[in-house]
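The values are calculated or read from the model by the stated rules, or taken from the named source; none is laboratory data. Remember, it's a predicted structure, so these values are computed and weren't measured experimentally. As a convention, Cβ positions derive from the backbone with ideal geometry for all residues, glycine included, and neighbour counts pool all protein chains shown. Heads up: the accessible areas ignore ligands, DNA and RNA and are worked out on the full protein's heavy atoms, side chains in. Shrake-Rupley method; radii C 1.70, N 1.55, O 1.52, S 1.80 Å.
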Amino acid sequence: MEKLNFTSEVMVFESRFELPKEIEELLVMASEAAKNAYSPYSHFKVGAAILLNNGVIITGNNQENAAYPSGLCAERTAAFYASSQYPDVPFSRIAISSHSALKQTTEPVTPCGGCRQALIEFEQKFNQKIEIILSGDVGKVYIFKSVADLLPFSFHSGYLPK
Ligand code: THU
């Protein structure tokens, strides 16, 4: 028997105001995108802003549905739109901002498992790490340097027989 240890790293900033300017700006775009979320069921609004290698920024937000599982998270809405418009351009970073109509969010929300899997596919496709910036309304901001820090042992295309 062998025991393997894996480590993840996250940078924790005390607030948005400590962030480098270009990251803070991307986070503002994510917060703005969250305002257009369609979330009549959860009242939870998430916005995502993806910076592509060519400088283009794509935003998205969560889209819910009365048939609950038919909805989609902000991260995947943005990532799939980015990929549909710029299929050959790697993602450089994604800012994710989460808000609730019911109470102020004071800590970052981390992406769900499905979104981690969707995002890591783009990291693997382009062989380029995607930086993930996470924030609530107020409070600490987390920055992960790679989706792999959030999803060790991801499923990937290499498992599929050719
Ligand atoms: N949601 C996201 O958009 N991103 C996340 O990272 C977590 C959850 C959405 C899905 C649903 O519309 C609402 O938040 C409540 O789960």
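Brief remarks on what is shown
- Value at 222 nm in deg cm²/dmol, rounded to 500, when DSSP H runs of n ≥ 4 in the chain each add -39,500 (n - 2.57): -8000 deg cm²/dmol
- Summed residue charge, Cβ within 12 Å of residue 140's Cβ, Lys/Arg positive, Asp/Glu negative: -3
- Segment 1-88: GluC sites (Glu not before Pro) falling in loop per DSSP and having at most 12 other Cβ within 10 Å: 2, 9, 14
- Probe 1.4 Å, accessible area per residue of segment 21-151, Å²: 47
- Antiparallel DSSP beta bridges within segment 71-162, as percent of all bridges there, nearest 5: 45
- Charge dipole magnitude, Cβ of K and R +1, D and E -1 - the chain, Cα centre, debye nearest 20: 280
- Given a 1.4 Å probe and the protein chains as shown, residue 29 ends up with an accessible area of around 80 Å².
- Accessible area of residue 12 (1.4 Å probe, protein heavy atoms only, ligands and nucleic acids ignored): about 80 Å².
- Partners for residue 125 among aspartates and glutamates (Cα-Cα distance below 12 Å; same-chain residues under 8 apart left out): 88
- When each of 103/140; 45/103; 45/145; 35/103; 3/129 is checked by Cα-Cα distance, pairs over 19 Å: 45/145; 3/129
- Along the chain, longest interval not containing exposed chymotrypsin sites (Phe, Trp or Tyr not before Pro), exposed being DSSP loop plus at most 16 other Cβ atoms within 10 Å: 42-152
- Among 149, 137, 88, residue whose mean-square fluctuation peaks in a GNM of the chain (springs only between Cα atoms under 10 Å): 88
- Share of carbon and sulfur in the accessible heavy-atom surface of segment 21-151 [1.4 Å probe, %]: 53
- Candidates 103, 140, 45: whichever shows maximal mean-square fluctuation once the chain is modelled as a Gaussian network with Cα springs under 10 Å: 103
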